[in-house]
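Peer 1: I'd like to ask some things about the structure below.
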Amino acid sequence: MVILVLILFAGFAALVGTMALGLPVALGAFLAGMGLVIPLVAGCLAPDRLRRTGRVFVATALGTLALIVILLIPSRGLLGAWQLASPGVLLVLGYVVLSIPALLAGAGLRRQAERRRWLRRALVGLAVAVLVGTVAFGVYLRGLGLLPFARGSRLEAYDRLWVNLERFYSHWETSPVAPEVLSARYRPRIEAADRACRGKPGPCQPYRDVLRDMLAELQDGHTHLVPLPRLAAPAISVRPVEGQAAVVRVEPGSDAEAVGLLPGMVITAVDGQPVQDALTQVPGWAVSYTAPHTRRYAAYQRLLAGAPGETVSVDVLDAAGHSRTVTLHRTGSLEDRQPGVHGARQPGDLAYIAVDGLVGQDVVAAFDELLDGMLDAPGLILDLRGNGGGNSMLGDRMVGRLITQTVSYGEECLQAAHPMHGWATGCFESTAEPRGRPYLGPVAVLIDTGIHSSGEWMVAALCDTGRARCFGRTTAGDSGNPVFFYLPGSTVQFSTGSFRRVDGTPLNGVGVSPHVEVQWTLDDLRQGRDPDLEAARAWLQGR
């Protein structure tokens, strides 16, 4: 019975880990196949005590879940531990039900084995092999940093992280610093952080801070500590316009609106510092992107950001040249809005659909519903500005409504075989397949530097293939297909994929440039004009 419990525990832990980590289908299939062996062996070991064996089966499953939650509590807290492990509950309970036939089959095999000694030995050997294989696989996953509940020293985890970075990281060719240099430079700081936290329970903040600063030096938007420290900002958006820090949007009902801030006003100082000095004070980890234009954009975007709940003093200049100082509360950020899809008819009966992000299956349904109601439009304006990315497959599905044949828009190359990518290696073509009733009219796409990652893939699928014409400014150039790596009390993610467009140009650090570049002016903001939209509308109406 002890052997049975050990086998069950190993199998359930692997299954829960697979579900909680969101590992790929290939790994899930392997563990599920192994999982079928476990109840089979259980039935073989105790054919005449199936009721008792079933109780042990269920108890071990629930005990495994409880133990994983307990192991996660020091690093995640009670709620965080449960949120991470709870996806495995349904998996394990469903697995227990589905394993009953395997238990019965195992009992039948045991009765056969009583007459065939070689079969009995084979079953015992299989049980041992399952246990050893599960443990070995756990050691393998620990080496890849994929076990959030694994224990060990912080220094050992740091060294394992660097082994994985050197093997899997996809952007060393554009990194501003060599891996051996960066690793050696930060090791003394890691050692000092470890000494400061030695013997203290829970996450080590100095350790997390060192990891955050180290990864920021790679200047890669997909490689960072998870989660990054939260920055809060007043309820306004700031962007570089005409070389100045311009207010581009003010949230209705906010304190910023109450003190009279308007789009088109220019920020000249922050907490008494000139804007150019204040830009240098934005934390490096908050603007850690490969492309210089994206780092600049992010610095203006986070110019007023700071700790939640604090206030910030802002000097502003209005259209008449009058200057005044206002105090704003850092209560949130317009950048935190939930991604969604919305649209409406435009003048000239043109269709307009905005896609803010590629998160959640409902965005495709919302897109389809809007498009279906405007298939007769003489032209479509697709607004992707500010699309932070998400799941590229959602973007491909939307593009599929705008094409009549399969289009190839680039390829992604993986640095090395990793289980979170199904151990795939090499380069893989990125395509969009037609689906549903297509929109056949001309398409104009609005783009800007706020478009990241999978959002940029969607831009490439439309604008690099000739299906659409792009208006606006160059996208962020921020792509990476990251994986997670768990350290004691900390989690990081790092890029493993490198995307190249159809002409071979790398996306990361470059971005997608528009066919028609549009630069905003302060007067556009003050007059409530959208020059990107106006340029797209003029092109469609002139066709």
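Peer 1: Considering only the other residues whose Cβ falls under 15 Å of the Cβ of Ala216, what net charge follows from Lys and Arg at +1 and Asp and Glu at -1?
Peer 2: On the way: positive: Arg185, Arg189, Arg208, Arg212, Arg295, Arg302; negative: Asp209, Asp213, Glu217, Asp220, Asp478.
Charge balance in the 15 Å sphere: +1.
Peer 1: Just report the Cα centroid separation between the range 384-431 and the range 477-516, whole Å.
Peer 2: 12 Å
Peer 1: Same structure, new question: Taking 45 Å as R0, compute the FRET efficiency from the Cβ-Cβ separation of Ala365 and Glu242 and round it to 0.05. Could you put the intermediate results ahead of the total?
Peer 2: Values: r = 40 Å, r/R0 = 0.89.
Approximately 0.65, to the nearest 0.05.
Peer 1: Let me ask something else. For the residue pair Ala258 and Gln493, what label-to-label distance in nm results when each label sits 7 Å from Cα along the Cα-to-beta-carbon direction?
Peer 2: Placing both labels 7 Å along Cα→Cβ, they lie 3.6 nm apart.
Peer 1: Counting only other residues whose beta carbon sits under 14 Å from that of Glu433, what net charge do I get with K and R as +1, D and E as -1? Numbers along the way, then the final one.
Peer 2: Details: positive: Arg397, Arg401, Arg435, Arg467; negative: Asp396, Glu429.
Overall, the nearby charge balance is +2.
Peer 1: Kindly identify the range 355-395 as rounded, prolate or oblate by the Cα gyration tensor criterion: order the square roots of the eigenvalues as a ≥ b ≥ c, call it rounded if a/c is under 1.5, otherwise compare a/b with b/c, prolate if a/b is larger, else oblate.
Peer 2: Numbers: a/c = 2.98, a/b = 1.58, b/c = 1.88.
Cα axes put the range 355-395 in the oblate bin.
Peer 1: Just rank Phe484, Phe168, fewest to most, by other beta-carbon atoms within 10 angstrom.
Peer 2: Numbers: Phe484 16, Phe168 22.
So the residues, fewest neighbours to most, are Phe484, Phe168.
Peer 1: If you don't mind, another one. In the calculated pair distance distribution of the range 236-332, what percentage of Cα-Cα distances lie above 21 Å?
Peer 2: Details: 1245 of 4656 pairs.
Taking all Cα-Cα pairs of the range 236-332, the fraction more than 21 Å apart is 27 percent.
Peer 1: Set the Förster distance to 35 Å, then compute FRET efficiency between Leu155 and Arg230 from the Cβ-Cβ distance, nearest 0.05. Could the numbers behind the result be given before it?
Peer 2: On the way: r = 28 Å, r/R0 = 0.80.
Calculated value: 0.80.
Peer 1: Here is a further query. Can you give the FRET efficiency for Cys427 and Ala538, using 1/(1 + (r/R0)^6), R0 = 51 Å, r = Cβ-Cβ distance, to the nearest 0.05?
Peer 2: Values: r = 39 Å, r/R0 = 0.77.
The formula returns an efficiency of 0.85 here.
Peer 1: Let me ask something else. Evaluate the distance, in nm, between pseudo-label points positioned 7 Å from the Cα of Arg437 and of Val163 along their respective Cα→Cβ axes.
Peer 2: The answer from the label model is 5.8 nm.
Peer 1: Something else about it: Mind checking the alpha-carbon convex hull of the range 304-452 and giving the volume per residue in Å³? Walk me through the numbers before you get to the answer.
Peer 2: On the way: hull volume 27.9 nm³, N = 149.
Spread over its residues, the Cα hull of the range 304-452 gives 187 Å³ apiece.
Peer 1: Ok, one more. For the pair Asp271 and Thr521, how long in nm is the line joining their label points, each one 7 Å along Cα→Cβ?
Peer 2: Calculated label separation equals 3.6 nm.
Peer 1: Does the range 154-221 come out rounded, prolate or oblate by the C-alpha gyration tensor, with a ≥ b ≥ c the root eigenvalues, rounded set by a/c under 1.5 and, if not, prolate when a/b is larger than b/c and oblate if not? Write down the numbers at each step before the final one.
Peer 2: Values: a/c = 2.24, a/b = 2.03, b/c = 1.10.
In terms of gyration-tensor shape, prolate.
Peer 1: Separate question: Which three semi-axes in whole Å describe the equivalent ellipsoid of the range 389-543, each the square root of 5 times a Cα gyration tensor eigenvalue, listed largest first?
Peer 2: On the way: eigenvalues 194, 86, 32 Å².
Its equivalent ellipsoid spans semi-axes of 31, 21, 13 Å.
Only the coordinates and a few stated rules stand behind these numbers; no lab work does. Only a predicted model underlies this, so the values are computations on that prediction, with no experimental measurement involved. Cβ atoms come from the backbone with ideal geometry, glycine included; neighbour counts cover every protein chain shown.
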